[in-house]
Every structure is written in C-alpha cells, then in structure tokens.
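Okay, so here's the structure we're looking at.
The values are calculated or read from the model by the stated rules, or taken from the named source; none is laboratory data. Being a predicted model, the structure only gives us computed values, none of them experimental. Quick reminder, even Gly has a Cβ in these numbers, built from the backbone with ideal geometry, and neighbours come from all protein chains shown. In case anyone asks, the SASA skips ligands and DNA or RNA and just uses the protein heavy atoms, side chains included. Shrake-Rupley method; radii C 1.70, N 1.55, O 1.52, S 1.80 Å.
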Amino acid sequence: MENFTIEISQRQDTGKSECSRLRRNGFIPGVAYHRGTDSIAVTVPQKDFVTMAQKARLTQVFTFKSDAKDLDGKLALVKDIQRDHVKGTVLHVDFVTLKAGEEIQVDVPVKLVGEAPGVKAEGGILTFVTHKVSVTCLPKDIPTLCEVDISGLALGDSIHARDLKFNAGVTLRDDPEETIVSVVGSRGAVAKASAAEESADSGASDAAAKAD
C-alpha cells in the first residue's frame, strides 16, 4: 500500500514575498483548515508533494508528519491546488483536515469496468456522462473510487446514480436519477434499424396484398 505521509511545517509569514521565497527554495505554501476553525499557514516539500499527488486519487487521505502539535498525525484531504497557468507548477495547496468521528462530503471518481454488449454487438455508442459522484461518510469509509460494471448494458440502457453500490456507511448525496453512463444508438445503427423496420413493413404489405 502506498504511503501518503507528508512532511508539513507551520509558517508564520504569509506575504507574497515569503511565498515566492519558499517556492524558490523547493517548498509549496498552503493552508490547512477544518470547519469552524481558523486556517493554519503551512508549507510542504514541493518534490514530495508532487510525487504523491501524481499517484493519489481524488479522495486520497494524507497523513501529516510535523513538529507542530496542531498538525502532527492529522488526516487531511487536498481541497484545492493552484497552478501556474503556463508552467503547470504547483503554487499553493489547500488541505482540509479530518476528524475520525465526523462525516465529510467528498467527490468520488467513477470508473467503468467491463464491456457493454450494446456497443460491441449492437453498434451503439457508450456515453460516460458523470465522472464523479458526491457522498458523505466518515474518514475511514471514504471510497477510493466507485466502480460501475457496464457488462450488462444493451443498446438504450442506462445506469443511474441510484444504481451505484457503496459500502455501509457511505451515503449518496447526488440526485438518484442522475445518469452515470448509457448506450445510445449511433446514426448508422439508427439508420440500419429504420431500414430493417421499413423492410419488415414492406414485406408485411406485400404479403397482405398477395393474400387479397
């Protein structure tokens, strides 16, 4: 299992010049906060954070290691990352700290697994509508991702938020009727179906005419 323990330090100076100095020296300025409490100005090593962030999923829980007692051992989620629009480098990071017995609302990424027969055998197009869903749960129950099995999707079928399966303690916050994925007809498939229907109708008409 990957270790997502990150060294984090509390900082006293918060001005632009101090943030620029930190970045030049290989650190990322940021804040750590919890609902109803004041935020704490922090810094994390840029190289370590970027390496972990590249491996982390949207709901990855980080563990703080720090000399500051208000930070050491805390669990946290990355709430926001600010980047340089040109270089793509991380300029600032916001952490939201977690409490073991307190539920939190998080967005969980959706991953499709399997192959839809409506695409493979019926010529449909897979439409992946919703790539993440919002849930509430305790920190220990935060899902890494939500897998959606599409191996039963025929042409015209859909999977909605209400169909998603979560472990006990995880509650969906999104609209249950929200479409996650569906298989819709391509123009070619629709045209082929229409042609088949017309052929069937024509055959039926010819048979009726002969019977008359």
Residues that are acidic (D, E) and under 21 Å from C137 (Cβ atoms), drawn from the range 59-92: D80
Within the range 20-42, tally of residues that are part of a helix (DSSP H, G or I) and in contact with a Leu (Cβ under 8 Å, 6 or more places away or on another chain): 1
Residue among F27, F64 that is of a type outside the set (S, T, N, Q), open to solvent by 70 Å² or more (accessible area, probe 1.4 Å) and at pLDDT 95 or above: F27
Unique residue being within 16 Å of Y33 (Cβ to Cβ), aliphatic (A, V, I, L, M) and open to solvent by 40 Å² or more (accessible area, probe 1.4 Å) when the list is I81, I104, I125: I81
Failed condition for N167, given (1) under 20 Å from E115 (Cβ atoms); (2) touching an Asp or Glu at 6+ places or on another chain (Cβ under 9 Å): (1)
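Conditions (1) of a type in the set (G, A, S); (2) not in a strand (DSSP E or B), marked per residue:
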residue: A100; (1), (2): yes, yes
residue: T130; (1), (2): no, yes
residue: S134; (1), (2): yes, no
residue: P143; (1), (2): no, yes
residue: V148; (1), (2): no, no
residue: I159; (1), (2): no, no
residue: F166; (1), (2): no, yes
residue: G169; (1), (2): yes, yes
residue: I180; (1), (2): no, no
Residue count for the range 2-34, restricted to those that are closer than 18 Å to F64 by Cα and of a type in the set (D, E, K, R): 3
Number of the exception - D141 against (1) out of contact with any Cys (no Cβ under 9 Å at 6 or more places or on another chain); (2) surrounded by 19 or more Cβ atoms within 10 Å (Cβ to Cβ): (2)
Residues located in the range 43-57, provided they are at pLDDT 95 or above and touching a Leu at 6+ places or on another chain (Cβ under 7 Å): T43
Subset of the range 144-164 [open to solvent by 60 Å² or more (accessible area, probe 1.4 Å) and touching a residue at least 60 places away in the same chain (Cβ under 8 Å)]: T144
Pairs where the first residue, in the range 83-95, is in a loop (DSSP other than H, G, I, E, B) and the second is open to solvent by 30 Å² or more (accessible area, probe 1.4 Å) and among the aliphatic types (A, V, I, L, M), C-beta under 6 Å, 6+ apart: D84/L91
